[in-house]
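Have a look at the structure below, then the notes.
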Amino acid sequence: MLIDLAKLSPTEIYFLMTQTVVPRPVAWVLTQHKSKHFNLAPYSYFTAVSSEPPLLMYSGGKKPTGELKDSIANFEYNKHCVVHIASASQVQQMQDSANTLAAEESEIDAYNIETTEFDGFPLPRVKDCPIAFGCELHQTIEMGDKPQTLVFVEIKQIYIADDVVGLDAKQRLKTDVLRIDPIARLGGREYANLKEIVLAKI
């Protein structure tokens with residue numbers, strides 16, 4: 001099958017891309033609203049882009065109302081965010097937090113998501129996430145006709161749960177990915193988790 005994207009609508013292209021660019025990691029992004037409450041939302045157009053400086057990128061469209069997503073608009077008031085890597089056991093809470101709420105409402109309150117202090121960082125983190133990146137806004141770029149906003153954030157500190165990290169033979173920190181059990185996004189409301197790790201031959 002050969003598909004010409006010029007013949008597809010943006011909605012059809014989105015559906016096709018999310019069915020074929022798989023699996024994708026998910027950024028569960030916590031930001032602070034100007035009223036001081038916290039917003040939380042998942043983004044699966046997400047990746048690491050650089051280690052010097054250490055940058056992550058996530059991409060978001062707009063709400064059905066045409067407003068910027070909270071995880072983008074809130075940078076106007078606070079330049080910090082926390083990007084979480086959630087475990088598969090948190091998939092329903094994470095999916096629920098994708099629902100469109102008014103900016104004045106908090107997903108953390110609406111879906112009973114527990115947070116805890118992120119030592120040395122101005123925002124809290126989701127307590128049960130095994131990985132959390134304390135980040136500061138680096139740059140945003142708008143592109144496309146809608147437009148879509150690319151958000152680049154610089155990692156300032158990383159939380160790793162003690163039970164998913166150890167040392168390798170070279171005494172470097174190494175995570176146990178199967179214990180992290182990260183959520184992998186597929187298409188629609190489909191997700192996957194990791195069952196095994198396959199090593200390539202050198």
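In the condition set (1) farther than 17 Å from Pro25 by Cβ; (2) surrounded by 16 or more Cβ atoms within 10 Å (Cβ to Cβ); (3) of a type in the set (A, V, I, L, M, F, W, C), Ala184 is compliant with all but (1).
Screening the stretch 110-155 for residues that are within 16 Å of the chain's Cα centre (by Cα), free of Cβ contacts under 8 Å to residues at least 60 places away in the same chain and under 23 Å from Ser50 (Cα atoms) and picking the one that is surrounded by the fewest Cβ atoms within 10 Å (Cβ to Cβ) gives Glu136.
Give the number of residues within the stretch 121-155 that are outside any strand (DSSP E or B) and at pLDDT below 95. Show your work before the answer.
Pass one, the stretch 121-155, residues outside any strand (DSSP E or B): 121-124, 127-130, 144-147.
Within this subset, residues satisfying the condition of being at pLDDT below 95 are 144-147.
Qualifying residue count, the stretch 121-155: 4.
Go through the residues of the stretch 60-69 one by one and say whether even a single one is touching a Pro at 6+ places or on another chain (Cβ under 9 Å) and either under 26 Å from Val177 (Cβ atoms) or hydrophobic (A, V, I, L, M, F, W, C) (or both). No, because not a single residue in the stretch 60-69 is touching a Pro at 6+ places or on another chain (Cβ under 9 Å) and either under 26 Å from Val177 (Cβ atoms) or hydrophobic (A, V, I, L, M, F, W, C) (or both).
Within the stretch 156-177, if we keep just the residues that are part of a loop (DSSP other than H, G, I, E, B) and open to solvent by 50 Å² or more (accessible area, probe 1.4 Å), the residue that is nearest to Glu52 (Cα to Cα) turns out to be Arg172.
Within the stretch 119-166, the set of residues being touching a Cys at 6+ places or on another chain (Cβ under 6 Å) and over 24 Å from Lys62 (Cα atoms) comprises just one member, Ile155. Does the stretch 74-85 hold any residues that are open to solvent by 20 Å² or more (accessible area, probe 1.4 Å) and either in a strand (DSSP E or B) or in contact with a helix residue (DSSP H, G or I) (Cβ under 9 Å, 6 or more places away or on another chain) (or both), and which are they? Once the filter is applied, which keeps residues that are open to solvent by 20 Å² or more (accessible area, probe 1.4 Å) and either in a strand (DSSP E or B) or in contact with a helix residue (DSSP H, G or I) (Cβ under 9 Å, 6 or more places away or on another chain) (or both), the stretch 74-85 yields His80, Ile85.
Right, Ser71: outside any loop (DSSP other than H, G, I, E, B), among the hydroxyl-bearing types (Ser, Thr, Tyr) and open to solvent by 20 Å² or more (accessible area, probe 1.4 Å) or not?
When the stated conditions are applied, Ser71 does not pass them.
Across the stretch 94-107, the qualifying residues are those that are outside any loop (DSSP other than H, G, I, E, B) and in contact with a helix residue (DSSP H, G or I) (Cβ under 9 Å, 6 or more places away or on another chain), and the one among them that is farthest from Ser44 (Cα to Cα) is Glu107. One residue alone among Val91, Val49, Val22 is touching a residue at least 60 places away in the same chain (Cβ under 8 Å), among the hydrophobic types (A, V, I, L, M, F, W, C) and either on the phi > 0 side of the Ramachandran plot or assigned to a loop (DSSP other than H, G, I, E, B) (or both), and that residue is Val22.
The values are calculated or read from the model by the stated rules, or taken from the named source; none is laboratory data. Predicted model only: the values in this text are computed from it and were never measured. Virtual Cβ from ideal backbone geometry, glycine too; neighbours counted across all protein chains shown. With ligands, DNA and RNA removed, areas are computed over all heavy atoms of the protein, side chains included. Shrake-Rupley method; radii C 1.70, N 1.55, O 1.52, S 1.80 Å.
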